[in-house]
Each structure stands twice: as structure tokens, then as C-alpha cells.
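**Q** Below is the structure I would like to discuss, written out as C-alpha cells.
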Amino acid sequence: MDKDILILAIESSCDETAAAVVKNGRDVLSNIISSQIATHRIYGGVVPEIASRKHIEAIDQVIDGALEEAGVNKQDIDAVAVTYGPGLVGALLVGLSEAKALAFALDKPLVPVHHIEGHIAANYIQNKCWEPPFVCLVVSGGHTHIVHIKDYDSFDILGRTRDDAAGEAMDKVARVLGLPYPGGPHIDRLAKEGDPQAINFPRVTLESGSYDFSFSGLKSAVLNYINRAEMLGEEIVAANVAAGFQQAVVDVLAEKAMRACQELNVKKFALAGGVSANSQLRAVMEKNCAQRGIEFCVPAPILCTDNAAMIGSAGYYEFIKGNTADMSLNAYPSLKLGER
Ligand code: KG4
Ligand code: ZN
């Protein structure tokens with residue numbers, strides 16, 4: 001490559017206001033994340049109107065911080081990349097409006113990025129040699145997909161959740177156990193103190209051969225277990241509930257992901273999305289891949305949950321393919337993977 005490409009990336013699809021500067025899609029020069037979690041925790045989940053307002057309050061500082069930490073000024077950047085979907089529409093619009101204003105004022109290209117493509121691209125930052133094709137399990141608060149990444153911009157969705165996303169199920173179960181929002185990290189921590197075999201929760205695998213998921217039955221089984229124990233006055237060992245539930249989630253994710261690698265004869269597998277910060281999922285997938293001779297990649301936990309560095313990486317690959325947008329770019333709350 002003749003010249004380094006610097007992307008200023010902006011992410012505001014849910015409850016983190018984030019900006020980053022990424023060089024050539026792989027080197028993170030800065031990655032600033034302003035989290036709203038403490039605010040939303042009071043309500044037990046993300047309140048969309050509050051999220052939008054908090055993004056507006058934080059975004060200028062976050063962008064200035066990203067440029068300053070990277071040691072670049074606005075004129076040095078080659079393009080502005082921004083998440084335009086999926087996500088909360090009001091939240092997305094804050095980042096998108098800011099990105100449009102910057103691109104227009106600086107006369108730089110505007111690059112639209114799909115949030116899930118961003119999560120997948122976190123692997124390109126983690127492992128500088130990681131390239132498609134590979135199979136990726138994308139597990140976040142809003143999404144659960146098994147995807148065949150054929151090229152940087154070419155995806156086959158093999159399976160998806162038919163109801164709750166894995167992270168959504170984690171957060172809901174955590175809530176009934178009295179744990180704070182977001183519950184995933186608390187389930188992770190508590191499960192380490194419990195016995196995963198003490199309570200046998202169902203593994204819902206759906207029709208034979210299907211790569212789809214369903215977590216709402218498992219979630220209901222946990223709620224029923226807790227309600228029944230409460231009615232009978234039996235002791236509820238929260239650590240055992242967390243461990244049994246997490247084991248059931250990980251078992252189903254691992255079985256389908258490994259079957260996809262085997263059936264497609266793909267020898268590379270990656271994790272992506274907030275739930276891939278889960279310590280048990282990371283350990284189980286690493287072991288499964290090693291046993292089958294499959295190369296494994298998982299982003300560092302800070303690159304698994306929402307951030308803008310991943311948008312900067314995905315944005316770079318869009319930019320070099322010429323996938324830019326004009327000022328009419330809108331936010332798409334239900335944007336599908338692979339859709340433009
Ligand atoms: O990717 P992400 O930051 O936002 C979305 O795009 O949805 O994912 C957030 C989700 C939440 O459901 C959160 O509970 C879950 O990721 N999560 C975890 C862990 N860390 C975050 N779930 C399980 N174990 C963790 N360590
Ligand atoms: Zn996300």
C-alpha cells in the first residue's frame with residue numbers, strides 16, 4: 001500500500017458513544033468509549049430517549065478525544081465511517097448527523113457501516129493476519145447469528161435467533177436473579193462460583209440440521225425454576241442457576257458453530273459481539289477449535305462490546321471498495337446483515 005488510510009469512526013447505535021481513529025483497517029490509534037450504562041441501570045435496561053440525549057451530550061468530546069489521542073487533526077483523516085444501522089433510531093441519528101456534518105465540512109468521504117459487520121471486523125484488529133473466509137458466531141445484546149464470512153463484504157447468514165438474542169437472554173435471567181443491567185458480565189462472574197450440573201436447563205436445538213437458535217424457552221425454564229422454588233420455599237442458589245443457564249447457552253452456541261465449520265469445511269472460526277466477552281464461551285470455543293484443528297480468533301473483551309474501533313476497521317474495507325454515501329444517508333434501525 002502506497003499511503004496509510006486513516007479512518008475516523010463513530011458509533012452510537014445503543015448505549016455507548018464511541019469514536020476511534022484506525023489506520024489501514026488494522027491499527028487502532030485511539031478508541032474512546034463513553035458508556036451510559038450507569039444511567040440506564042436505574043431503569044433495568046436502555047431507555048431510548050435518554051440514550052439519544054446522552055449521545056448528544058457526549059459526542060463532541062468523544063470525537064475530539066479520539067483525534068487528540070491518535071495525534072491527528074481533522075484534515076489528516078481520509079474518511080469518516082459511521083454506524084447507520086441496526087440500532088435505536090434516535091441513537092443512530094446522533095452519530096450519523098455528526099458524521100455527515102464532519103464529512104461535509106472537511107470535504108471527506110462518508111462511509112456507512114453495518115453495526116454487525118463492525119463486530120465481525122473486531123477480529124481484524126485483534127489478529128492482524130486474520131482474513132476471510134471464516135465462520136463467525138456473532139452474539140450480542142440484539143443479535144445471534146452464525147455467519148459464513150466469504151469476503152470482507154460478502155456474508156452468508158447460516159442461522160439466527162428466532163426469538164431472544166443470547167445477550168438479551170443473559171440480561172433477562174440476570175434481572176430475575178437480582179443482578180444489575182447489563183446482566184451478562186454478572187452471570188459470567190457468578191457462574192464461576194456455581195455448579196453447572198446442579199440444575200439441568202434445556203438445550204433447545206430446533207429441527208435437526210438447523211443453525212437457528214431459540215433462547216426464550218431456556219429463559220422461561222429459568223424463570224419457572226425460580227418461581228417454583230420460591231413457591232415451595234426452597235433455597236435458590238443463584239450461582240448454580242447462573243452456571244446451569246450459562247452452560248446451556250454455551251453448549252447450544254458451541255454445537256451449532258462447530259457443526260457449521262465442519263459442514264462448510266472451513267478451518268477458521270471467530271467470535272464477535274458483546275457476549276463473546278463471556279469467559280466460558282471463549283474458553284469452550286478455543287478448546288473446541290483446538291480439538292478440530294480449526295484456527296480460532298476472539299477479540300479482546302473491550303473490542304467485543306460496542307466500540308468505534310471495530311467500525312473503523314469495517315469502514316476501511318468499505319472505503320477501499322468505494323462504498324461511500326452522500327448526504328442523504330439515513331439511519332436504518334432494522335438493517336439486515338449484508339443489506340445496503
Ligand atoms: O455487542 P454489545 O455491546 O451490544 C449490542 O450490539 O447488543 O452486546 C451487549 C451484550 C449485553 O447483553 C451484555 O450483557 C452482553 O453483551 N455481555 C456479556 C458479557 N459482557 C457483555 N454476556 C456474557 N458474558 C459477558 N462477560
Ligand atoms: Zn453491538
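The values are calculated or read from the model by the stated rules, or taken from the named source; none is laboratory data. Keep in mind that this is a model prediction, so the values were computed, not measured. Cβ atoms come from the backbone with ideal geometry, glycine included; neighbour counts cover every protein chain shown. We work out accessible area using only protein heavy atoms, side chains counted, and drop any ligands, DNA or RNA first. Shrake-Rupley method; radii C 1.70, N 1.55, O 1.52, S 1.80 Å.
**Q** Can you pull out every residue in the range 144-170 that is out of contact with any Lys or Arg (no Cβ under 7 Å at 6 or more places or on another chain) and open to solvent by 40 Å² or more (accessible area, probe 1.4 Å)?
**A** Taking the range 144-170 and keeping what is out of contact with any Lys or Arg (no Cβ under 7 Å at 6 or more places or on another chain), we get 147-152, 154-155, 157-158, 160-163, 165-168, 170.
K150, D151, Y152, I157, L158, R160, R162, D163, E168 - these are the residues of the range 144-170 that are out of contact with any Lys or Arg (no Cβ under 7 Å at 6 or more places or on another chain) and open to solvent by 40 Å² or more (accessible area, probe 1.4 Å).
**Q** Of the residues that sit in the range 160-182 and are within 16 Å of ligand 2 (Cβ to nearest atom) and in contact with a Pro (Cβ under 9 Å, 6 or more places away or on another chain), which one is nearest to G44 (Cα to Cα)?
**A** D171
**Q** Okay, next question. When you scan the range 20-40, do you find a residue that is modelled with pLDDT of 95 or more, away from ligand 1 (no atom under 16 Å from the Cβ), farther than 14 Å from L92 by Cβ and small (G, A, S), even just one?
**A** Yes.
**Q** Pull out all pairs, ordered by first then second residue, where Cβ-Cβ is under 8 Å, the residues are six or more apart or on different chains, the first lies in the range 58-74 and is in the same structural domain as S30 (by TED's automatic domain parsing), and the second is among the acidic types (D, E).
**A** I59/E98; D60/E98; I63/E98
**Q** What's the total number of residues in the range 315-340 that are open to solvent by 80 Å² or more (accessible area, probe 1.4 Å), at pLDDT 95 or above and of a type in the set (D, E)?
**A** 1
**Q** Okay, moving on. Any idea how many residues of the range 292-313 are buried (at least 18 other Cβ atoms within 10 Å of the Cβ), more than 13 Å from ligand 2 (Cβ to nearest atom) and within 28 Å of E255 (Cβ to Cβ)? Please lay out each step first, then the result.
**A** Going residue by residue through the range 292-313, those that are buried (at least 18 other Cβ atoms within 10 Å of the Cβ) are 294, 296-299, 303-313.
If we keep only those that are more than 13 Å from ligand 2 (Cβ to nearest atom) too, we end up with 294, 296-298, 312-313.
Of the ones still in play, those that are also within 28 Å of E255 (Cβ to Cβ) are 294, 296-298.
The qualifying residues number 4.
**Q** Would you mind finding the one in P196, P185 that is under 19 Å from the mean Cα position of the chain (by Cα), assigned by TED's automatic domain parsing to the domain that holds E295, within 24 Å of C289 (Cα to Cα) and open to solvent by 40 Å² or more (accessible area, probe 1.4 Å)? Let's see the steps before the verdict.
**A** On the way: P196 fails: under 19 Å from the mean Cα position of the chain (by Cα).
Criteria check complete, one pass: P185.
**Q** How many residues are polar (S, T, N, Q) and more than 22 Å from K3 (Cβ to Cβ) when one looks only at the range 65-111?
**A** Of the residues in that region, 2 qualify.
**Q** Consider G178 carefully, then state whether it is out of contact with any Gly (no Cβ under 8 Å at 6 or more places or on another chain), open to solvent by 50 Å² or more (accessible area, probe 1.4 Å) and farther than 15 Å from G274 by Cβ.
**A** yes
**Q** Out of the range 127-143, which residues are open to solvent by 10 Å² or more (accessible area, probe 1.4 Å), in contact with a Ser or Thr (Cβ under 8 Å, 6 or more places away or on another chain) and within 16 Å of ligand 1 (Cβ to nearest atom)?
**A** H143
**Q** Here's a follow-up. Working only within the range 272-309, note down all residues that are in contact with a Cys (Cβ under 8 Å, 6 or more places away or on another chain), farther than 15 Å from V135 by Cβ and of a type in the set (D, E, K, R).
**A** The answer is D306, and nothing else.
Rundown of residues vs (1) among the basic types (K, R); (2) surrounded by 18 or more Cβ atoms within 10 Å (Cβ to Cβ), yes/no style:
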{"position": "K3", "(1), (2)": "yes, no"}
{"position": "I10", "(1), (2)": "no, yes"}
{"position": "G25", "(1), (2)": "no, yes"}
{"position": "N31", "(1), (2)": "no, yes"}
{"position": "E49", "(1), (2)": "no, no"}
{"position": "N73", "(1), (2)": "no, no"}
{"position": "G85", "(1), (2)": "no, yes"}
{"position": "V89", "(1), (2)": "no, no"}
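**Q** Could you please give the count of residues in the range 95-122 that are within 16 Å of ligand 1 (Cβ to nearest atom) and touching a strand residue (DSSP E or B) at 6+ places or on another chain (Cβ under 8 Å)?
**A** Of the residues in the range 95-122, 10 are within 16 Å of ligand 1 (Cβ to nearest atom) and touching a strand residue (DSSP E or B) at 6+ places or on another chain (Cβ under 8 Å).
**Q** Among the numbered conditions (1) open to solvent by 50 Å² or more (accessible area, probe 1.4 Å); (2) modelled with pLDDT under 95; (3) of a type in the set (A, V, I, L, M, F, W, C), tell me where V237 comes up short.
**A** Here V237 meets the rest and fails (2).
**Q** Could you tell me which of the residues G312, G322 is more than 22 Å from I157 (Cβ to Cβ), touching a residue at least 24 places away in the same chain (Cβ under 8 Å) and more than 15 Å from ligand 1 (Cβ to nearest atom)? Break it down stepwise before answering.
**A** Details: G322 fails: touching a residue at least 24 places away in the same chain (Cβ under 8 Å).
Being more than 22 Å from I157 (Cβ to Cβ), touching a residue at least 24 places away in the same chain (Cβ under 8 Å) and more than 15 Å from ligand 1 (Cβ to nearest atom) holds for just one of G312, G322, which is G312.
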